[in-house]
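The values are calculated or read from the model by the stated rules, or taken from the named source; none is laboratory data. Because the structure is predicted, anything quoted here is derived from the model rather than measured. Here the Cβ positions follow ideal geometry from the backbone for every residue, glycine too, while neighbour counts run over all protein chains shown. Accessible surface is based on the protein model in full, side chains and every heavy atom, while ligands, DNA and RNA are left aside. Shrake-Rupley method; radii C 1.70, N 1.55, O 1.52, S 1.80 Å.
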Amino acid sequence: MKALIAGKNEINKKVSAFLADNGFEVLLAEDVDNLRYFEGEAGDFSLELAGEKTRVDFVILTELPARLPLPVGGGRVLSLYETDKTNLTTRRERDVSVVFLMDYFCESQMSATLRALEDSIRLARSKRRVYCLSRFVRTSGYGAENLYKEARNEGVEFIKYESLDIVFRDGRFVIKACDGAMTFDISATEIFADGTRDVGDSFRLAAKKLNLRPDSNGYLLEDRHFLAPVRTSRRGVYHISRDVAADDLKSALMYIAGQVRARRSENGRDVAVVDGDKCVLCCTCFRSCPHAAMRPDSDERIMRNLAEACEGCGICESLCPGGAITLGGKKEKKSGERPDSGSPANGRGTLVFCCENSAAAAIDEALTMLGERASGIDVRVVPCGGGISMEEMGETLCSYSRVMAAVCIEGSCRHLDGGRRACLQAGRLSALLERAELSGSRVACVEVSHAMPGMFADALADFADSIQEP
Ligand code: SF4
Ligand code: SF4
C-alpha cells in the first residue's frame, strides 16, 4: 500500500520511518501547492504531484493550522506555543504582569490549558503577576486539577470570564474581565493566547486540495470528538494535529495503519445510488456531500458515487432536485421505522424523525418519561438529520398532524452540518404551510444529544400541546 504524507512538519521523518517500517510505500508532498489534483476514494486516490501522475491508498496530512493570534485592542498578543517566555522570568522590571488568555480566538484545547498552567506557575515563581482568563475551567484529566492547585498556591489569579474588553494603551493591555457578577480591571504587559480565527493559508490550501470539510474556525477535527484521534471528513485522509503529535504519535500511526488495512465495505451501510436516467448532473450532491463521496463523470454525463467514501448519510438524496439518488437503491421506508402506535395514520399524532447519532439514543427514555402522552407519537430513525428532505416531512403531514426532526446539536453532527440542514428544511416547510394559510407550527426541528432525554421529552410535550388535534 502507498501513503502520501502531505504538509511541512518536523514529524514527517518519524511518520515516514513508521510507514516504511510497517511495509508502506511513502510519497512526500511537503509543499501541498505542488498537488495539482487529488481525487478518488480510500484505497484508490489518484493525484498529480509536481507534474507526476500517481495513485496512493491513503493520506496523512501533517500540515498544521497556524496559531499566530491576531492583534487585540491594538496590541500584539503573543502565541502560547510559539513564544519563549524565559525572558519574562529574568526581566528586571517589577511590574511585569502576564495574562494567559484562553477560549478567546476559539475554544481552547486541553493541551493549551496545560501549557498555560505550567507556564503561569513558572512565571509566578519568578514573582511575576500572572492571570489566567478562560471561559471554561478544564480540570478533568492530564493532571490539570493538580496544576490548578499548584498555580493558585503560587498566586496565579484565575478569572472565568463571560465578557472581555481589551485595549492597548501606553505599552500595556488594559483589560476589563466580567465573570457575570464582578468586573476585574487588569493591566498587563504581555498576553499569551492559543488558537486563532485564522488557521493560515497553507493549512487552508491543504484542506482545500484534499477536499476536506473544516469547521467554522477552519480546523479539521479539533472540536469534533467523533473524528478523534486522526480521522477527517474524508475516509482515507487522516490528520495529525498538534495535540496528537504531542501526546502519542506512535499510537495515532498504529491506528491509521489498522484503519487502512481494514477495508470499509464490510460494514453494510447503505450507500447512495445514482439513477443515471434521472441525473441531470447539476452537481448539487457533489457540492453538498460532506465526505467527498460523489464524482462527476463528464464523459457519461452522470454523477458517480464512491462507495468506499460514502457514509450513507442521505444528505445528497434529500437535496437531489431530480430524485435521482436513493440510499442502497431502496426508495421504500427508511430502516428503523417503529411499528405504528395504531392511531396516528388518521391525520392525528406526531411523527418524529430521529437522527441515529443523537435523538435515536434518547427517544425511548423520552417516551417513557411522557408516559400516556407518548401514545400517538411515532418514530422514524434516519442515518442523519441532513437526509430529511422538506418533501419527506411534507408527505408525513398527510397522515400525521405534526412532524418533528430531532437532530444533532450544532457542531456534533458526524456529517458536519446535517442538523443545520434539517432545521433549514423544517423552516422552509413551515414557511410554505403558512403561505398556504395552513399552520406552520405543525413542523418543528429540535437539537438534542443522546444525553438529553429530559429536554427531548419536554420538547415533544410542548410540541404536542402547541396544536390541538383536528
Ligand atoms: S444532485 Fe441529483 S441530479 Fe444533481 S448531479 Fe447529483 S444525482 Fe445528479
Ligand atoms: S449519502 Fe452522504 S456520504 Fe454518501 S454520497 Fe450522499 S451525501 Fe455523500
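Going by amide H atoms built from the backbone, whose H comes under 5 Å of the H on V130, apart from near neighbours?
V98, E157
Given the protein chains as shown and a 1.4 Å probe, how many square angstrom of D247 are accessible, to the nearest 10?
About 100 Å², rounded to the nearest 10.
Restricting to Cα pairs below 8 Å that are 6+ residues apart, what does the relative contact order work out to for the stretch 271-328? Please round to a whole percent. Display every interim value, and only then the final one.
Values: 105 pairs, mean separation 27.4, N = 58.
Across the stretch 271-328, relative contact order equals 47 percent.
Can you compute the helix-only [θ] at 222 nm over the chain? Use -39500 (n - 2.57) per DSSP H run of at least 4 residues, normalise by all residues, nearest 500 deg cm²/dmol. Could the numbers behind the result be given before it?
Numbers: 12 runs with 131 residues, N = 470.
Rounded to the nearest 500, it is -8500 deg cm²/dmol.
State, as an integer percentage, the relative contact order of the chain based on alpha-carbon contacts under 8 Å between residues 6 or more apart. Please report the intermediate quantities before stating the final value.
Working: 936 pairs, mean separation 52.1, N = 470.
In percent, rounded to a whole number, it is 11.
Take the Cβ-Cβ distance between D458 and N211 as r, set R0 to 51 Å, and report the resulting FRET efficiency rounded to the nearest 0.05. Please list the in-between numbers first.
On the way: r = 40 Å, r/R0 = 0.79.
Efficiency computed from Cβ-Cβ geometry: 0.80.
In the chain, which cysteines lack any other cysteine Cβ under 4.7 Å from their own?
Cysteines lacking a close Cβ partner in the chain: C106, C132, C178, C279, C282, C283, C289, C310, C320, C354, C355, C398.
Calculate the spin-label point distance for S399 paired with N146, positioning each point 7 Å from the Cα along the beta-carbon direction, and give it in nanometres.
Here the answer is 6.1 nm between the modelled labels.
Let me know the shape class of the chain, please: from the alpha-carbon gyration tensor, a ≥ b ≥ c as square roots of the eigenvalues, rounded when a/c is under 1.5, otherwise prolate if a/b is greater than b/c, or oblate. The partial results should precede the final answer.
Details: a/c = 2.36, a/b = 1.34, b/c = 1.76.
Since a/c reaches 1.5 but b/c is at least a/b, the shape of the chain is classed as oblate.
Please give the contour-minus-distance gain from M110 to S466: 0.36 nm per residue of separation, less the Cα-Cα distance, rounded to one decimal in nm. Please list the in-between numbers first.
On the way: separation 356, 0.36 × 356 = 128.16 nm, distance 4.26 nm.
Length difference between fully extended and current span is 123.9 nm.
Mind pulling the angle between the C-alpha long axis of helix 359-370 and the longest principal axis of the chain? Nearest 10 degrees, somewhere in 0 to 90.
Helix 359-370 and the main axis of the chain meet at about 70 degrees.
Note the angle between two axes, namely the Cα long axis of helix 242-261 and the longest principal axis of the Cα atoms of the chain, as a number of degrees from 0 to 90, rounded to the nearest 10.
Helix 242-261 and the main axis of the chain meet at about 40 degrees.
Could you tell me how many degrees, from 0 to 90 and to the nearest 10, lie between the Cα long axis of helix 12-21 and the main elongation axis, the longest principal axis, of the Cα atoms of the chain?
60 degrees
Using a simple charge model, +1 on the beta-carbon of Lys and Arg, -1 on the beta-carbon of Asp and Glu, nothing else, what dipole does the chain show about its Cα centre, in debye to the nearest 20?
On the way: 62 positive and 70 negative charges, 208 e Å.
Roughly 1000 debye for the chain.
Give me the extension gain from M1 to D201: residue separation times 0.36 nm, minus the current Cα-Cα distance, reported in nm with one decimal. The partial results should precede the final answer.
Working: separation 200, 0.36 × 200 = 72.00 nm, distance 3.04 nm.
Stretched fully, the M1-D201 segment lengthens by 69.0 nm.
Return the FRET efficiency for the residue pair V137, C283: r is the Cβ-Cβ distance, R0 is 60 Å, and the value is rounded to the nearest 0.05. All intermediate terms of the calculation are to be shown ahead of the outcome.
On the way: r = 46 Å, r/R0 = 0.77.
Efficiency computed from Cβ-Cβ geometry: 0.85.
Distance in nm between label sites at S79 and E365, each 7 Å beyond Cα in the beta-carbon direction?
4.2 nm
In the structure displayed, which of K8/K208; K8/K209; K14/K250; K209/K250; K14/K208; K2/K53 lie more than 19 Å apart, Cα to Cα? List each step's numbers first, then the result.
Values: K8/K208 16 Å; K8/K209 15 Å; K14/K250 9 Å; K209/K250 26 Å; K14/K208 25 Å; K2/K53 14 Å.
Among K8/K208; K8/K209; K14/K250; K209/K250; K14/K208; K2/K53, the Cα-Cα distance tops 19 Å for K209/K250; K14/K208.
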